[in-house]
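A quick write-up on the structure given underneath.
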Amino acid sequence: MAEETAPKVTMEKIVSLCRRRGFVFPSSEIYGGLSSCWDYGPLGVEMKRNLKDAWWKDMVQTRDDMVGLDTSILMHPQVWVASGHLKSFSDPMVECKSCQRRYKADDLTKPECPTCGGEISEPRQFNMMFKTFMGPVEDASATVYLRPETAQGMFVNFPNVLGSTRKRLPFGIAQVGKSFRNEITTGNFIFRDREFEQMEIEYFVKPGTQDKWFEYWINERILWYQKLGMRKEHLKFRQHEKKELAHYALGCFDINFLFPMGWAELEGIASRGDYDLTQHANASGRNLQYVDEETKEHYLPYVVEPSAGVDRGVLAFLCDAYDEDIADGETRVILRLHPRLAPVKVAVLPLSKKEPLANLARSIYNDLRVSWVAQYDETQSIGRRYRRQDEIGTPFCVTVDFQSLEDQQVTVRERDSMQQIRIPIGEVKGTLAAKLAL
Ligand code: GAP
């Protein structure tokens, strides 16, 4: 794997860009914000959607061995008993006896409160699932949980998918959706949140073939990030030691990304064996076995699970794409985002706000926005407008000038190289389609 390299951008720069340009805002900001919850702004929502769409297209729609699901966030409470989350999805936590602040036991180096120096309690287990109540009565029998992973929705639907699709092993179920964890240690912007989104695959395989598929998915997933432009030297694997493994995992590899605060997990790929299906079969009393039509064997499939975080993906792609260079004697901030991820694909920039130029530019804009997210920007100098588009990662700008009225041609400028080509208006759509279809 690649050598350790220093991250190019600081978290402060990313946070400031995200806020200034409308990628990400603190949740409920006018009330002082809500810790570790974030709102995606007009550009952030486009980029996040692009990331999820790219994953869905590449992992589900263009594969014969994959189907999708969208399961509910609230599930039967027995799901979390069977999955082991109620008992084991916890962290040891300590509390300061003076100021009552709570810390992850593992985070403390000394047996005293890092804030006030007070005496620290004995560690106790703190379950990270958010609890709420179903219906009007708030008692134990009405307790339900916000899911801490999307995975269980796919395990409990295994017989429904088998019955309705007649899929044969190996095949996967995929889902994108919100998960919730009452994390004790949060921070680093959208890296670790209490409400976040996951893109997860449960890939069901014949027992005995799991190692081959584990290796396959580890490679497949790292290549996917690279295909979307993430630099190789910003990615590396980390194998979990036995003592770190989640309660369900036989083995786990993380794909780590070089975030501004250092190397950290972007995605986990776990070999879950038949743990979940066994647990749900026992707890529900339902037969979840797969019948191999060739050998007539009945068995519970093993599972390999590539599990990616959407918010971490957005943060990683933003950090990876961030660049600064000098253009026309000024510092230019550029997001070198892959066109599939860029929130805006093309901006139309008329050199004048006046008619008849504006009318021509508007008609080009109206034509392009049918196919792509486009912006129309007519304010300030053309140089400033290019900078604004570079900073949000727009791959192409179409400049409409006075000459365009005469020769029906426009200038197409490319973000990374800043190269400009002059083409007939009638060819703009085709040219962009070819350049954006990566
Ligand atoms: N179903 C397996 C599972 O949930 P995980 O390693 O706990 O495994 C998978 O989570 C991915 O979800 C992580 O690699 C990360 O990208 C994302 N993730 C987990 N906890 C998160 C949090 N608190 N905030 C943001 N993303 C999180």
Within the stretch 337-347, is even one residue away from the ligand (no atom under 16 Å from the Cβ), open to solvent by less than 20 Å² (accessible area, probe 1.4 Å), closer than 19 Å to E391 by Cβ and at pLDDT below 95? no
Hits in the stretch 25-51 (condition: open to solvent by 50 Å² or more (accessible area, probe 1.4 Å) and touching a helix residue (DSSP H, G or I) at 6+ places or on another chain (Cβ under 7 Å)): F25
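Being under 20 Å from Y216 (Cβ atoms), crowded, with 21+ Cβ neighbours inside 10 Å and away from the ligand (no atom under 16 Å from the Cβ) is the requirement here; does P301 meet it?
Values: under 20 Å from Y216 (Cβ atoms): yes; crowded, with 21+ Cβ neighbours inside 10 Å: yes; away from the ligand (no atom under 16 Å from the Cβ): yes.
It is true that P301 is under 20 Å from Y216 (Cβ atoms), crowded, with 21+ Cβ neighbours inside 10 Å and away from the ligand (no atom under 16 Å from the Cβ).
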Evaluate the stretch 79-89: report whether one residue or more is under 16 Å from the mean Cα position of the chain (by Cα) and open to solvent by 30 Å² or more (accessible area, probe 1.4 Å). no
What number of residues in the stretch 172-195 are open to solvent by less than 30 Å² (accessible area, probe 1.4 Å) and under 20 Å from Y248 (Cβ atoms)? 8
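Out of Q408, Q375, Q403, which single residue is out of contact with any helix residue (DSSP H, G or I) (no Cβ under 8 Å at 6 or more places or on another chain) and either open to solvent by 50 Å² or more (accessible area, probe 1.4 Å) or at negative phi (or both)? Walk me through it before giving the result.
Values: Q408 fails: out of contact with any helix residue (DSSP H, G or I) (no Cβ under 8 Å at 6 or more places or on another chain); Q375 fails: out of contact with any helix residue (DSSP H, G or I) (no Cβ under 8 Å at 6 or more places or on another chain).
The match here is Q403.
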(1) open to solvent by 70 Å² or more (accessible area, probe 1.4 Å); (2) within 13 Å of the ligand (Cβ to nearest atom): which one isn't true of K232, the others all being true? (2)
Quick one: which of E244, E200, E183 is within 13 Å of the ligand (Cβ to nearest atom), farther than 16 Å from E267 by Cα and either touching a residue at least 12 places away in the same chain (Cβ under 8 Å) or not aliphatic (A, V, I, L, M) (or both)? E183
When you scan the stretch 54-70, how many residues do you find that are open to solvent by 20 Å² or more (accessible area, probe 1.4 Å) and either over 12 Å from G177 (Cβ atoms) or in contact with a helix residue (DSSP H, G or I) (Cβ under 9 Å, 6 or more places away or on another chain) (or both)? 11
Inspect the stretch 105-116 for any residue being touching a residue at least 60 places away in the same chain (Cβ under 8 Å) and either within 16 Å of the ligand (Cβ to nearest atom) or under 23 Å from the mean Cα position of the chain (by Cα) (or both) and give the result as yes or no. yes
Over the stretch 155-167, the set of residues in a loop (DSSP other than H, G, I, E, B), open to solvent by 40 Å² or more (accessible area, probe 1.4 Å) and touching a strand residue (DSSP E or B) at 6+ places or on another chain (Cβ under 9 Å) is K167
Say whether the condition of being loosely packed, with under 14 Cβ neighbours inside 10 Å and touching a helix residue (DSSP H, G or I) at 6+ places or on another chain (Cβ under 8 Å) is met by at least one residue in the stretch 98-114. no
Could you check the stretch 313-362 and list, in sequence order, the residues that are touching an Asp or Glu at 6+ places or on another chain (Cβ under 6 Å), hydrophobic (A, V, I, L, M, F, W, C) and assigned to a strand (DSSP E or B)? V333, I334, A347, L349
Just the residues that are more than 9 Å from the ligand (Cβ to nearest atom) and under 25 Å from V303 (Cβ atoms), please, taken from the stretch 247-263. H247, L250, G251, F253, N256, F257
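Could you tell me whether any residue of the stretch 269-281 is within 15 Å of R221 (Cβ to Cβ), touching a strand residue (DSSP E or B) at 6+ places or on another chain (Cβ under 6 Å), touching a residue at least 40 places away in the same chain (Cβ under 8 Å) and buried (at least 17 other Cβ atoms within 10 Å of the Cβ)? Step through it out loud before you land on a result.
Filtering the stretch 269-281 down to residues within 15 Å of R221 (Cβ to Cβ) leaves 269-271.
Within this subset, residues satisfying the condition of being touching a strand residue (DSSP E or B) at 6+ places or on another chain (Cβ under 6 Å) are 269-271.
Okay, now just the ones that are also touching a residue at least 40 places away in the same chain (Cβ under 8 Å), so 269, 271.
Next, only the ones that are buried (at least 17 other Cβ atoms within 10 Å of the Cβ) stay: 269, 271.
So far as the stretch 269-281 goes, yes, one or more of its residues are within 15 Å of R221 (Cβ to Cβ), touching a strand residue (DSSP E or B) at 6+ places or on another chain (Cβ under 6 Å), touching a residue at least 40 places away in the same chain (Cβ under 8 Å) and buried (at least 17 other Cβ atoms within 10 Å of the Cβ).
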Check the stretch 313-336 and report whether any residue there is open to solvent by 10 Å² or more (accessible area, probe 1.4 Å), within 24 Å of F89 (Cα to Cα) and within 16 Å of the ligand (Cβ to nearest atom). no
Residue within the stretch 425-433 that is closer than 30 Å to K48 by Cβ, in contact (Cβ under 8 Å) with a residue 60 or more places away in the chain, open to solvent by less than 20 Å² (accessible area, probe 1.4 Å) and touching a strand residue (DSSP E or B) at 6+ places or on another chain (Cβ under 9 Å) present: yes
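May I ask you to say which residue of Y216, Y225 is at pLDDT 95 or above, away from the ligand (no atom under 14 Å from the Cβ) and in a helix (DSSP H, G or I)? Steps first, answer last, please.
Values: Y225 fails: away from the ligand (no atom under 14 Å from the Cβ).
Going through Y216, Y225 in turn, just one is at pLDDT 95 or above, away from the ligand (no atom under 14 Å from the Cβ) and in a helix (DSSP H, G or I): Y216.
The values are calculated or read from the model by the stated rules, or taken from the named source; none is laboratory data. Keep in mind that what you see is a predicted model, and the values were worked out from it rather than measured. Neighbour counts are summed over all protein chains in view; Cβ atoms, including those assigned to glycine, are modelled from backbone coordinates with ideal geometry. Quick note on the areas: whole protein, heavy atoms, side chains included, nothing else; ligands and nucleic acids left out. Shrake-Rupley method; radii C 1.70, N 1.55, O 1.52, S 1.80 Å.
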